[in-house]
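Everything on this sheet refers to the single structure shown next.
The values are calculated or read from the model by the stated rules, or taken from the named source; none is laboratory data. As the structure is a computational prediction, the values presented were derived from the model and not from experiment. No Cβ is skipped: glycine too gets one built from the backbone with ideal geometry, and neighbour counts run over all protein chains shown.
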Amino acid sequence: MNIHVVNPLADDRWVHFAERHPAASPFHQRGWLEALRRTYGYEPLALTTAPPGDGLQDGLVLCRVSSWLTGERLVSLPFADHCSPLLNGRNEWPAYLEWIREECERSRCRYYEARPLAGLEPARGLMQASGSFCVHILDVRPSEDEIFRGLHKDSVQRKIRRAEREGLAYASGRSEELQSEFYHLLVRTRRRHRLPPQPRSWFRNLMECMGDRALIRVARKNKAAIAALLTLRHGSSVVYKYGCSDERFHNLGGVALLFWRLIQESKASGASSIDFGRSDLDQEGLIKFKSHWGASQAPLTYYRHPAGSVKKASTGRESQAVRRIVALLPDAALAAAGRILYRHMG
């Protein structure tokens, strides 16, 4: 089985194929790939068994990440929670793996990482699990009343009602004002977690390249933004990708209001599900938060080739040291650190 390489940014066959394949997500879209290229310089490519001129029936999209700090590698896909191979059957996957094996040897890539949502055969001896997570999916096909009754009474329902009593203002869209409010809250949230924020250009490019498939929602108190979400849309699925807030106003229920509006608007637009995104298995609070919205939990496993490229978990001392430094940086320096570091992290 021959593998052909296409440029998903230039070949319209990829756009049409990614639109219709049932396993596709916002991360397969040309907009996400173009935003990665513009922001971080990653080179996207797609593999397929279809020869030039034929319609695509299968495909695997990945990015080549070249970094003097973290080495060269192939990733499906950088900063995506998941990105499944778009298979027509089971027969294409071994051929893809053989191409990847040869390419890693030819270009001296450290590894290839796959981030399938489910059901990928890791190929014993060629791939090894490199990370274990979980993902939460909420079915929004039931009636609004049914969905609301399924929400946790104290942690969710009560906070939604509190937000309504507080008279929090709500806005959604893609304007520069909303983007600025979102990024201000993002920097604040990342500082709270002692992590550098993603570069502002990433979100600007994401909004521009994804078009109306990317949306920002903001909750305000007395005209001041107190919580924000950024979501992506693909077909009948909506993906919650980024969230941020001002912790001084958590008691007002701004985050709960935004998620409830997300559910209402997704349902009204004909969506069937909301992907609440990836959670690390040790993030008990985050997992509980997503479960309180009635979302079902499923395992999510990443894999790497070659199998020996998976490193043992560190002691965490390096991470703790970085977090202590981040806590001391002013906002401008924190944002600069994000601009420098994220292109090496994909």
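Criterion first (under 30 Å from residue 252 (Cβ atoms), in a strand (DSSP E or B) and touching a residue at least 40 places away in the same chain (Cβ under 8 Å)) does residue 47 satisfy it?
Details: under 30 Å from residue 252 (Cβ atoms): no; in a strand (DSSP E or B): yes; touching a residue at least 40 places away in the same chain (Cβ under 8 Å): yes.
No; evaluated as a whole, the condition is false for this residue.
Each row is one residue, and each column tells you yes or no for (1) assigned by TED's automatic domain parsing to the domain that holds residue 86; (2) out of contact with any His (no Cβ under 9 Å at 6 or more places or on another chain); (3) closer than 23 Å to residue 248 by Cβ.
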position: 151; (1), (2), (3): no, no, no
position: 165; (1), (2), (3): no, yes, yes
position: 173; (1), (2), (3): no, yes, no
position: 178; (1), (2), (3): no, yes, yes
position: 220; (1), (2), (3): no, yes, yes
position: 226; (1), (2), (3): no, no, yes
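Does at least one position in the stretch 69-76 carry a residue that is touching a helix residue (DSSP H, G or I) at 6+ places or on another chain (Cβ under 8 Å), of a type outside the set (Asp, Glu) and modelled with pLDDT of 95 or more? Spell out how you get there, then give the answer.
Of the residues in the stretch 69-76, the ones touching a helix residue (DSSP H, G or I) at 6+ places or on another chain (Cβ under 8 Å) are 69-70, 72, 74.
Still in the running and of a type outside the set (Asp, Glu): 69-70, 74.
Among the residues that remain, those that are also modelled with pLDDT of 95 or more are: 74.
Among the residues of the stretch 69-76, at least one is touching a helix residue (DSSP H, G or I) at 6+ places or on another chain (Cβ under 8 Å), of a type outside the set (Asp, Glu) and modelled with pLDDT of 95 or more, which makes the answer yes.
Considering only residues of the stretch 1-44 that are small (Gly, Ala, Ser) and in contact (Cβ under 8 Å) with a residue 12 or more places away in the chain, which is nearest to residue 70 (Cα to Cα)? Please lay out each step first, then the result.
At the first step, the residues of the stretch 1-44 found to be small (Gly, Ala, Ser) are 10, 18, 23-25, 31, 35, 41.
From what's left, in contact (Cβ under 8 Å) with a residue 12 or more places away in the chain: 18, 23-25, 31, 35, 41.
On the way: 18: 30, 23: 30, 24: 29, 25: 27, 31: 25, 35: 21, 41: 15 Å.
Top of the filtered list is 41.
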From the list 190, 158, exactly one residue is within 22 Å of the chain's Cα centre (by Cα) and not hydrophobic (A, V, I, L, M, F, W, C). Which is it?
190
Before we move on, is residue 35 outside any loop (DSSP other than H, G, I, E, B), touching a Leu at 6+ places or on another chain (Cβ under 7 Å) and not acidic (Asp, Glu)?
yes
Of all residues making up the stretch 127-182, the number that are acidic (Asp, Glu) and closer than 30 Å to residue 116 by Cα
1
Taking the stretch 300-346 only, how many residues are modelled with pLDDT of 80 or more and under 23 Å from residue 100 (Cβ atoms)?
12
Within the stretch 15-27, is even one residue surrounded by 14 or more Cβ atoms within 10 Å (Cβ to Cβ), of a type in the set (A, V, I, L, M) and part of a strand (DSSP E or B)?
no
For the stretch 98-127, enumerate the residues that are at pLDDT 90 or above and under 24 Å from the mean Cα position of the chain (by Cα).
100, 109, 110, 111, 112, 113, 114, 115, 116, 117
